[in-house]
1. Looking at THR324, is it part of a loop (DSSP other than H, G, I, E, B) and modelled with pLDDT of 95 or more?
2. Out of the range 366-393, which residues are surrounded by 24 or more Cβ atoms within 10 Å (Cβ to Cβ) and farther than 16 Å from ILE221 by Cα?
3. Would you confirm, using the coordinates I've provided, whether LEU426 is surrounded by 18 or more Cβ atoms within 10 Å (Cβ to Cβ) and either closer than 20 Å to ILE509 by Cα or in contact (Cβ under 8 Å) with a residue 12 or more places away in the chain (or both)?
4. Checking the structure you have, find out if any residue of the range 322-336 is under 25 Å from SER235 (Cα atoms), touching a residue at least 12 places away in the same chain (Cβ under 8 Å) and either in contact with a Pro (Cβ under 7 Å, 6 or more places away or on another chain) or among the acidic types (Asp, Glu) (or both).
5. For the range 330-355, give me each residue that is under 22 Å from ALA293 (Cα atoms), hydrophobic (A, V, I, L, M, F, W, C) and more than 13 Å from the chain's Cα centre (by Cα).
6. Of all residues in the range 467-510, how many are at pLDDT below 95 and either open to solvent by less than 50 Å² (accessible area, probe 1.4 Å) or in contact with a strand residue (DSSP E or B) (Cβ under 9 Å, 6 or more places away or on another chain) (or both)?
7. Restricting attention to the range 193-240, report how many residues are surrounded by 15 or more Cβ atoms within 10 Å (Cβ to Cβ) and at pLDDT 50 or above.
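The values are calculated or read from the model by the stated rules, or taken from the named source; none is laboratory data. Predicted, not measured: the structure shown is a model, and the values here were computed from it. Cβ placement follows ideal geometry from the backbone for every residue including glycine, while neighbour counts extend to all protein chains displayed. Accessible surface areas use protein heavy atoms only, side chains included; no ligands, DNA or RNA. Shrake-Rupley method; radii C 1.70, N 1.55, O 1.52, S 1.80 Å.
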Amino acid sequence: MATVSLRQGDLVWGKLGRYPPWPGKIVNPPKDLKKPRGKKSFFVKFFGTEDHAWIKVEQLKPYNAHKEEMIKANKGKRFQQAVDAVEEFLKKKIAKEQSSGDDKNKAGGKKVEGKSKKATGEKKRKSESSSPKSPKKPKDQSPRKRGRPPKDDKEDSAGDNWLLHGHRTLGTEMVLKKPSVTYQAISKRLKVSEEDTGSTSIQAADSTAINGSITPTDKKIGFLGLGLMGSGIVSNLLKMGHTVTVWNRTAEKVMTPEQCDLFIQEGAHLGRTPAEVVSTCDITFACVADPKAAKDLVLGPSGVLQGIRPGKCYVDMSTVDPETVIELAQVIVSRGGRFLEAPVSGNQQLSNDGMLMILAAGDQGVYEDCSSCFQAMGKTSFFLGEVGNAARMMLILNMIQGSFMATIAEGMTLAQVTGQSQQTLLDILNQGQLANIFVDQKCQNILQGNFKPDFYLKYIQKDLRLAIALGDSVNHPTPMAAAANEVYKRAKALDQSDNDMSAVYRAYIH
């Protein structure tokens, strides 16, 4: 788009990312909102939505000059509603200006009348002064004080106040929306830090599982998927006072009320289908196994997409590839929904303890609305910008973890075959630079031969496969991950898929 001369208060067409040009108005940004670096940008409030954004000047066009062209190019219902909102705004503005003009005319008329009276009085006084009678003292004819200028139109005033409620980040663009909890209120309860990279980390000031000091959101929460991770998450949401509706599918059928009895006893409601849960809840979380399951949940019969309505929020916590999560985001947003990806790092024990780590990306307004939920389920959360970034980061994280686990198993078996004590190796590791809970727990699994799943082996192999594909997509070598992946594939061939990832050890001893 060509560069145009614009200023505060102008109506414009603004283009944001892949979305079509949308009608908006240039407004003042909040005081605490930094302007993005680089090319000149204006802060635009979009009509018919809950969005504000920094838009580069070359992505803006004057509203009236391009109105016909834009209306011809876009026929969507929401787009038409936005245009109608602009026209209504213009009508009110014109009516207000006319009203203001009438008021001025009336005020002007009074002044003229006042002057007329004054002139008459002066003539009268002159005639009286020529007579022998003593002149009367004239009354005070000082001009009346001017009234205050009319306030700005209500929409502008409301919009400026509304701007101060909170903000979200989409890549390098700052976008605002009105969350149920103000950004200032969130800041009081959370430690918030922002880096130059644009990522935001929100860390719980205390362990929520220990002190339970969470003020739960008043929004209705839905949760789809009650596996190893989902079960712990839902339990903590309920413990912290959230209103939760759950749904889960086993391999063959939807879970019955009896199977969900534990959650119902804790206060959860049971949804019959994903569509029903989404349609009755404000924010719906989903945590399923893989890309196929994530797509089926959204696009399948009675799926999420059938329950999405404008304003409904969908948060996918599954670990999938960026292509899948971007596709899901697009279909959710196309129905007027709001989307956040929020895969979780951890295991069943951390899920039960409410100590997961959440990596989020997408609609930061949803991220802020989920603050009490994220505090209930995790010890920390990071906002990473545009949709797809959280998926990429999670795959990299799990690639490192999976490769590390394969190396631990390799070292333990090498110790055994060379006559070294595996217990002594663990003792040495626990006293060295590699000492951490993960190493200790996984080595204990190997020593005890107990591979009860805490993080399914089949899922870490899936993540390694997706991480390798991520590397391929940018022509980046991942030889260590590729080698580890082969070991996990061997472990799967030995029927270790449904055991813990530490069961990769068995691939070395067969």
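1. Details: part of a loop (DSSP other than H, G, I, E, B): no; modelled with pLDDT of 95 or more: yes.
So THR324 does not fit the description; no.
2. Selection gives GLY378, SER381, PHE383, LEU384, VAL387, ALA390, ALA391.
3. Values: surrounded by 18 or more Cβ atoms within 10 Å (Cβ to Cβ): yes; either closer than 20 Å to ILE509 by Cα or in contact (Cβ under 8 Å) with a residue 12 or more places away in the chain (or both): yes.
Spelling it out, LEU426 is indeed surrounded by 18 or more Cβ atoms within 10 Å (Cβ to Cβ) and either closer than 20 Å to ILE509 by Cα or in contact (Cβ under 8 Å) with a residue 12 or more places away in the chain (or both).
4. Within the range 322-336, the subset under 25 Å from SER235 (Cα atoms) is none.
No, the range 322-336 has no match at all.
5. Kept after step one, since they are under 22 Å from ALA293 (Cα atoms), are these residues of the range 330-355: 330-335, 337-348, 351.
Next cut, hydrophobic (A, V, I, L, M, F, W, C) only: 331-333, 339-340, 342, 344.
Hits for the range 330-355 are VAL331, ILE332, VAL344.
6. Taking the range 467-510 and keeping what is at pLDDT below 95, we get 509-510.
Okay, now just the ones that are also either open to solvent by less than 50 Å² (accessible area, probe 1.4 Å) or in contact with a strand residue (DSSP E or B) (Cβ under 9 Å, 6 or more places away or on another chain) (or both), so none.
Total satisfying the criteria: 0.
7. Qualifying residue count for the region: 25.
So that you can scan it fast, the table gives a plain yes or no per residue for (1) under 18 Å from the mean Cα position of the chain (by Cα); (2) outside any strand (DSSP E or B); (3) of a type outside the set (Gly, Ala, Ser):
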site: ALA289; (1), (2), (3): no, yes, no
site: ALA294; (1), (2), (3): no, yes, no
site: LEU297; (1), (2), (3): no, yes, yes
site: GLY311; (1), (2), (3): yes, yes, no
site: TYR314; (1), (2), (3): yes, no, yes
site: THR319; (1), (2), (3): yes, yes, yes
site: LEU328; (1), (2), (3): yes, yes, yes
